[in-house]
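So the structure is just underneath, and the comments pick up after that.
The values are calculated or read from the model by the stated rules, or taken from the named source; none is laboratory data. What you see is a predicted model; the values in this text were computed from it and never measured. Here the Cβ positions follow ideal geometry from the backbone for every residue, glycine too, while neighbour counts run over all protein chains shown.
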Amino acid sequence: MANIQDIAAYAENSAKKLGIAKYDIYGSSVDDTSVQVDKGEPKQVKASNRASVIVRVWNDDNLIGVTSTTDVDSIGIELALKTAYEASAFGAKEHVPDFSPEATKPTAEVSTTLATQAPVADLLKTLIATEKELLESHSAIASVPYNGLAQSGIDRFYLNSSGALRSEERTYASIYLYGKTEQEGRKPRAAGAIRIHQGLDALDVQGCLKETMEKTISHLNYEKIKTGKYRVVFSAEAFLGLLGAFSNLYNAQSILDKLSLSTPDSLGTQIASPLLSVYDDALHPENVSAETFDGEGTPTRRIPLITEGVLTNFLHSAGTAKRLNAQPTGHASIGAKVSVSPHFYHVVPGQAAEQAYSLDDAENVILIDDLQALHAGVSALQGSFSLPFDGWLVNKGKRVSIESATVAGDFRDVLKSIIFVESEPEITPGGVCPRIWVDDLSITGE
């Protein structure tokens, strides 16, 4: 992608030529390389370069036109500005987006390490060796049907006609492994893990391998579970999955669209146990893909969402913030319509619990490791969910894999039924979160 200074100059010159006074441009470019293997042989090798640029233009009547392009040379920028200007005549007349009032404010200083892209041969060599080690770790592990090792480089920028000019660059590498077992007279069992880091050299490949191996083997000894109410412990990945599925609780755009479990008056109300606090923190040190500004150029920051059970903030774009008399929070993505979405969750204990719990001495507790079918088993507007899961029945530290079961309930009841938030955090690609203990959840087994 061209230098941001060049893009800004192209835009300024073209806007003057076309008589456009107000515009902004957001763009990103991604270089991807990924490999997959199958029993020691390369299965798929992919490399791609994707660029996406969104151009918005306001006309003299303050109506907005939007277009996208992949060309950021002078001709491409001029054509995009012209197209967006022509489209502005048909722009919506209500709730017209505007520049973020924070688009020119300083962004946070973030220390990042840019990794050099490794050769494809190194990716294949690493993944083939890792797959081989996983297959040899236990006779029951017959295949690794899903696996991948990838590296990416990302460039992002934002500029507008009022002088905003931001850009940043990030690199990261990721690996995922998903082992599958085959034993005569037994059902196939599977489990997986993922790791992400700035570059291949620092990627915790062995940690991913060990977690996949241990989880897969732990599911070999499985039993049915009786239907009933159970005390449930959610892993970080499982709880963050639910938190993301019901993000309309604190998404200002969803609230204004009346597609939320909250209303504008919900701020300050108790929606969860006082034991729980939740932040959205794009700048968290464990967020490998940290972003210092959003699609509107607003600086990102740590936003408290739930503080000791109380709904504290909504996530905002510049438009939702204006309509709800708030400040933008750095969560906007621009396009034909401005959308709002979270970055990176950070879940921590709120108030101190009266009693601490441990899997080492707990009895008849279900540990849910991974929730499945979140796209199909969640009714986000009703708050309800019914989801298959992978997990174990735990009795005094002994874990027995659960053959097949679903967990169901209302997410609002889950939040209020939390009895303990552990102190030790687990790091996942979507956030940092300890295990969460919840009382009386419905489990459907045999």
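Within the range 136-153, can you find the residues that are surrounded by fewer than 17 Cβ atoms within 10 Å (Cβ to Cβ) and either under 21 Å from Val72 (Cα atoms) or free of Cβ contacts under 8 Å to residues at least 60 places away in the same chain (or both)? Selection gives Glu136, Ser139, Ala142, Pro145, Tyr146. The criterion of at least 3 residues that are more than 24 Å from the chain's Cα centre (by Cα), surrounded by 15 or more Cβ atoms within 10 Å (Cβ to Cβ) and in contact (Cβ under 8 Å) with a residue 12 or more places away in the chain is met, among helices (runs of 4 or more DSSP H) falling completely within the range 172-279, by 205-218. Annotation: of all residues in the range 171-203 being of a type in the set (D, E, K, R) and in contact with a strand residue (DSSP E or B) (Cβ under 7 Å, 6 or more places away or on another chain), the one that is nearest to Pro285 (Cα to Cα) is Arg195. Contact map, the range 361-389: first residue farther than 26 Å from Tyr222 by Cα, second residue charged (D, E, K, R), Cβ cut-off under 6 Å, separation 6 or more or different chains; pairs are Gly383/Asp410; Gly383/Arg412; Ser384/Asp410. Every listed requirement among (1) at pLDDT below 95; (2) under 22 Å from the mean Cα position of the chain (by Cα); (3) of a type outside the set (A, V, I, L, M) is met by Phe411 save one, (1). Give the range 394-409 a look and list any residue that's part of a strand (DSSP E or B) and free of Cβ contacts under 8 Å to residues at least 40 places away in the same chain, or say none. Answer for the range 394-409, where residues must be part of a strand (DSSP E or B) and free of Cβ contacts under 8 Å to residues at least 40 places away in the same chain: Asn395, Lys398, Thr406, Ala408, Gly409. How many residues are in a loop (DSSP other than H, G, I, E, B), among the polar types (S, T, N, Q) and within 18 Å of Gly244 (Cβ to Cβ) if we restrict to the range 410-434? Result for the range 410-434: 0.
With the condition kept exactly as written, say whether any residue in the range 20-33 is out of contact with any strand residue (DSSP E or B) (no Cβ under 7 Å at 6 or more places or on another chain) and either within 28 Å of Pro119 (Cβ to Cβ) or surrounded by fewer than 16 Cβ atoms within 10 Å (Cβ to Cβ) (or both). Yes, that holds for at least one residue.
Residue-level check: of (1) within 13 Å of Gly319 (Cβ to Cβ); (2) loosely packed, with under 14 Cβ neighbours inside 10 Å, Pro97 misses just (2). Restricting to the range 280-295, and then to whatever is acidic (Asp, Glu) and touching a Phe, Trp or Tyr at 6+ places or on another chain (Cβ under 7 Å), can you tell me which residue is surrounded by the most Cβ atoms within 10 Å (Cβ to Cβ)? If we take residues in the range 280-295 being acidic (Asp, Glu) and touching a Phe, Trp or Tyr at 6+ places or on another chain (Cβ under 7 Å), then Asp280 is surrounded by the most Cβ atoms within 10 Å (Cβ to Cβ).
Would you check if Ser289 is outside the structural domain of Ser111 (by TED's automatic domain parsing) and assigned to a loop (DSSP other than H, G, I, E, B)? Answer is yes for this residue. What about Val35, is it among the hydrophobic types (A, V, I, L, M, F, W, C), free of Cβ contacts under 8 Å to residues at least 40 places away in the same chain and part of a strand (DSSP E or B)? So Val35 does not fit the description; no. Checked against (1) farther than 14 Å from Ile418 by Cα; (2) touching a Cys at 6+ places or on another chain (Cβ under 7 Å), Phe239 meets all criteria but (1). Any residue at all in the range 357-364 that's over 23 Å from Gly297 (Cβ atoms), in contact with an Asp or Glu (Cβ under 9 Å, 6 or more places away or on another chain) and surrounded by fewer than 21 Cβ atoms within 10 Å (Cβ to Cβ)? Checked against the condition, which is being over 23 Å from Gly297 (Cβ atoms), in contact with an Asp or Glu (Cβ under 9 Å, 6 or more places away or on another chain) and surrounded by fewer than 21 Cβ atoms within 10 Å (Cβ to Cβ), the range 357-364 yields at least one hit. From the list Leu209, Leu256, Leu240, Leu220, the lone residue that is closer than 19 Å to Phe411 by Cβ and not charged (D, E, K, R) is Leu240. If the condition is being of a type in the set (A, V, I, L, M), part of a helix (DSSP H, G or I) and more than 32 Å from the chain's Cα centre (by Cα), then the range 56-83 contributes Ile75, Leu79.
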